[in-house]
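Have a look at the structure below, then the notes.
The values are calculated or read from the model by the stated rules, or taken from the named source; none is laboratory data. Worth saying up front: this structure is predicted, and the values here are computed from it rather than measured. Ideal geometry is used to build each Cβ from the backbone, glycine not excepted, and the neighbour counts take in all protein chains shown.
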């Protein structure tokens, strides 16, 4: 779909450039690796230079797959960011056409927004591509390196973007998170993305979360929220410590996606396959170390 357009453009560039006897060098990086490697092999290039950025690893075709989840009756939210803006907006349009329920978008990851106004403009472009869908912003500064004051962004986006409906807040700064919560309007939502801060965030009133570890330990996560609701602070603290130790059993072994994929099989028996390239799966030894620690916590057989 999207790669076909890119390849036609590259074919034209190379053909035109070759007639001049110039050295043709194409920058192919900054997109999911599956797209990058296909572009590398698709044209008769004299030389190729790659730029590896922190982009989402699913290519456009891969992100079409969540549409299959509609048959389950679940709310389907698709993260469309982390690619060139033309691809992001095309994917947003496709998601609306395919029947997705909402969109989540990362910021521009190469020409990073430097101000609230820059970020609002970027998210507005995504939102305009799918005006019938709720659009949320994915704040994950540790990965995106975009560190903009989120309460100010939320306030500005709410005024400017009609279908802006909230934020996924993947940050340990709960002071800023609490400010975001106070800034939200009716019909908007904030989802915490900091698994080790589930209990303290809930005490601040942040009750919605999206966390990878909740797939591994859903009962434990729910017990934490239930304890907070019942004002059982000591129990909530103890349960949070258990979840945090379980997460730390993974994080010492490698990057987030490979360790969570390994942990999913260890904790639940569900095999979700290897991570997408360029990330690599954990070694058998690392998996055994994780399993041993989870067994000590009573979270694995």
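Can you tell which of 231, 163 is out of contact with any strand residue (DSSP E or B) (no Cβ under 8 Å at 6 or more places or on another chain) and farther than 20 Å from residue 297 by Cα?
Going through 231, 163 in turn, just one is out of contact with any strand residue (DSSP E or B) (no Cβ under 8 Å at 6 or more places or on another chain) and farther than 20 Å from residue 297 by Cα: 231.
Keeping to the stretch 281-301, report how many residues are over 28 Å from the mean Cα position of the chain (by Cα) and in a loop (DSSP other than H, G, I, E, B).
Here the count works out to 3.
Out of all the residues in the stretch 111-132, which are closer than 13 Å to residue 163 by Cβ, outside any helix (DSSP H, G or I) and under 20 Å from the mean Cα position of the chain (by Cα)?
130 - this is the single residue of the stretch 111-132 that is closer than 13 Å to residue 163 by Cβ, outside any helix (DSSP H, G or I) and under 20 Å from the mean Cα position of the chain (by Cα).
In the set 78, 116, 120, which member is closer than 17 Å to residue 138 by Cβ and at pLDDT below 95?
Answer to the check: 78.
Among the candidates 203, 216, 184, 192, single out the residue that is touching a helix residue (DSSP H, G or I) at 6+ places or on another chain (Cβ under 9 Å), surrounded by fewer than 19 Cβ atoms within 10 Å (Cβ to Cβ) and within 30 Å of residue 264 (Cα to Cα).
Only one candidate passes the filter, namely 203.
Go through (1) within 22 Å of the chain's Cα centre (by Cα); (2) surrounded by 21 or more Cβ atoms within 10 Å (Cβ to Cβ) one by one and return the number of the condition residue 236 breaks.
All conditions are met except number (1).
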